[in-house]
């Protein structure tokens with residue numbers, strides 16, 4: 001019994017270590033020289049086009065009517081502004097991490113570096129679901145809009161028109177599948193070519209929105225803005241209605257994060273990534289606000305058509321021909337959104353495959369186009385099949401889970417990076433000889449905590465002594481002698497420990513607060529109690545973090561010199577709170593569907609991911625010693641080459 005208990009305890013400990021192991025920020029040293037890399041061809045203008053195209057979908061052409069009629073009224077403009085500010089909180093966090101860790105994978109990559117493998121896998125798996133369903137849903141939304149140019153779906157070409165399969169109740173959409181395949185081919189040609197196509201369709205879409213603003217503004221000044229002459233005032237549904245509208249239109253800002261998935265393909269990532277994110281989000285916010293100002297000023301909010309608010313508004317002024325321009329804007333918006341949905345997923349698959357969590361098949365890069373060809377083709381085929389056979393509108397809520405989860409983990413990663421940045425580096429199995437040789441030569445250890453890692457029974461140590469005996473002279477240049485821990489170092493350890501626990505308590509407090517705030521099934525007393533407890537934990541944690549010095553190592557972590565998120569810890573904490581509330585508020589039905597996908601992901605991770613992870617046999621050493629160990633390894637290699645030359 002005792003042996004079984006000990007064995008199960010070790011197994012649990014080993015499994016938990018797998019979940020929290022972290023990878024190093026990508027560097028040239030860690031990648032095989034023979035491997036192809038993604039082509040660096042994107043400029044800041046390309047990133048703005050990708051961000052705006054992925055963010056502005058056809059939803060804005062409908063949201064103006066539904067949200068104004070049911071929630072915010074003429075205050076919809078303020079709702080868009082509040083939602084834009086909330087999205088900007090996440091954008092600030094993304095901008096800092098994109099500068100420090102400019103590699104493909106976006107939130108998955110940042111979570112793996114700062115939080116651990118388990119959370120990174122969860123984020124990556126959720127994003128795969130988001131981009132697949134999102135792409136299929138957007139593709140199926142294009143068909144009815146295209147049919148308007150032919151006079152309706154009845155006159156749409158038979159080969160592309162929707163039709164039901166008798167007896168199965170399935171409505172197939174060949175046009176949607178064809179559009180997905182066209183986008184897939186475009187992405188396979190090259191990143192520059194696909195970004196050029198994105199820029200063209202986004203320009204057309206923005207042009208259509210500018211037409212709405214200019215033409216609508218002219219009509220408004222001509223007729224006196226009758227939509228704002230209301231007895232109910234600017235807030236007919238009150239302040240609560242305005243905030244309710246903000247929580248809905250917030251999802252119209254989702255998409256700017258696709259910019260960070262192309263980090264490895266940007267010419268100057270530290271300059272252009274923050275610029276691309278900021279410009280894309282700003283353009284979207286300004287366009288949303290101006291369109292809502294114009295439309296709500298032309299007709300009273302309660303008179304808006306919930307399905308075609310913009311077209312019907314212009315038709316009421318006798319400008320029926322405007323429907324064609326508006327439809328062109330909607331179609332190009334959907335096409336740009338489709339391209340923006342399929343673009344990031346192959347790069348996330350590639351990043352996960354590089355780390356060993358998915359088969360290496362997904363990490364292959366084409367020699368000609370320098371894009372992850374196999375991942376792109378796989379993504380396109382899967383999304384095309386979904387778009388052809390499934391009405392994914394009922395699954396649309398699942399799309400939001402991946403984004404909100406990514407936004408939350410990115411904000412947590414910023415807090416970790418500032419207060420407790422990873423201070424250990426995973427070294428590959430090939431460097432075990434160098435590490436043990438250095439350790440044996442200078443007292444048998446590097447540091448007390450590191451010997452536990454080196455003596456892990458799961459790590460092979462067959463060649464350690466051999467390396468120590470044969471390479472003694474080269475080790476004399478490696479000053480990895482263990483030093484006594486000073487009072488300053490002890491104080492730093494206490495600071496890191498306190499900061500780490502405070503961040504954990506902050507997240508728990510926010511979770512309790514957000515759950516209580518959205519828990520309508522709870523009694524009023526319980527909601528007040530839980531809100532009080534969660535609010536107290538959140539507030540106390542913020543005060544402690546604000547009074548705690550940030551880690552000096554943050555200045556040298558990853559790629560330095562880029563954008564830094566302001567107002568830490570308050571801005572990331574606000575970001576975590578907003579996104580956690582929105583995640584919980586998605587509803588039970590959505591979470592049941594998402595749980596099925598997450599359970600499937602957990603099984604894939606347990607039976608494949610953790611067993612093939614590139615960190616499976618990694619040895620963690622203090623960051624300060626990593627460069628010395630690499631230098632010693634270079635000396636060993638030089639010595640071996642010299643020995644071969646002499647012989």
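Which FRET efficiency value, to the nearest 0.05, is calculated for residue 222 and residue 192 with the Förster distance at 51 angstrom and r the Cβ-Cβ distance?
Step by step, r from the Cβ atoms, then E = 0.70.
Given axes a ≥ b ≥ c from the Cα gyration tensor, I'd like to know whether segment 500-616 is rounded (a/c under 1.5), prolate (a/b larger than b/c) or oblate.
Judged from the Cα gyration tensor, segment 500-616 comes out oblate (a/c at least 1.5, b/c at or above a/b).
Give the peptides 373-386, 611-624 in descending order of average Cβ contacts within 10 Å, highest first.
373-386, 611-624
Once the convex hull of the alpha carbons of segment 341-428 is built, what does its volume come to per residue, in cubic angstrom?
Here the figure is 134 Å³ per residue.
Under the Kirkwood approximation for Rh and a Cα-based Rg, what ratio Rg/Rh is obtained for segment 483-546?
1.26
Whole number please: convex hull volume per residue, Cα atoms of segment 246-316, in Å³.
Here the figure is 115 Å³ per residue.
Sort 210-221, 547-558 by packing, meaning the average of other beta carbons within 10 Å per residue, with the highest value first.
So the peptides 210-221, 547-558, ranked by packing, come out 210-221, 547-558.
Using only the Cα atoms of segment 173-222, build the gyration tensor, take square roots of its eigenvalues as a ≥ b ≥ c, and label the shape rounded, prolate or oblate: rounded if a/c is under 1.5, else prolate if a/b is larger than b/c, else oblate.
oblate
Order of 303-314, 77-88 by packing, highest average Cβ count within 10 Å first?
Ranking, from highest mean packing down: 77-88, 303-314.
So between residue 317 and residue 214, what do we pick up on full extension, going 0.36 nm a residue minus the alpha carbon distance?
The residue 317-residue 214 span can extend by a further 35.6 nm.
Under a crude label model (7 Å from the Cα following the beta-carbon direction), how far is residue 165 from residue 150 in nanometres?
Result: 2.1 nm between the two label points.
Given Cα positions, please report Rg to Rh for segment 103-223, the hydrodynamic radius being the Kirkwood one.
1.11
Report the dimensions of segment 258-400 along its three principal axes from the alpha-carbon atoms, largest first, rounded to Å.
Principal-axis extents of the Cα atoms in segment 258-400, largest first: 58, 42, 28 Å.
Classify segment 84-139: rounded, prolate or oblate, from the alpha-carbon gyration tensor (a ≥ b ≥ c, eigenvalue square roots; a/c under 1.5 rounded; otherwise prolate if a/b is larger than b/c)?
It is oblate, given that a/c is not under 1.5 and a/b is not larger than b/c.
Residue separation times 0.36 nm, minus the C-alpha to C-alpha distance between residue 17 and residue 553: what's the value?
Residue separation times 0.36 nm, minus the Cα-Cα distance, leaves 190.6 nm.
Throughout, read-outs are computed from the coordinates displayed, never taken from laboratory work. Every value quoted in this text rests on a predicted model; they were computed, and no experiment measured them. Counting neighbours? That spans all protein chains shown, and the Cβs are built from the backbone with ideal geometry, glycine included.
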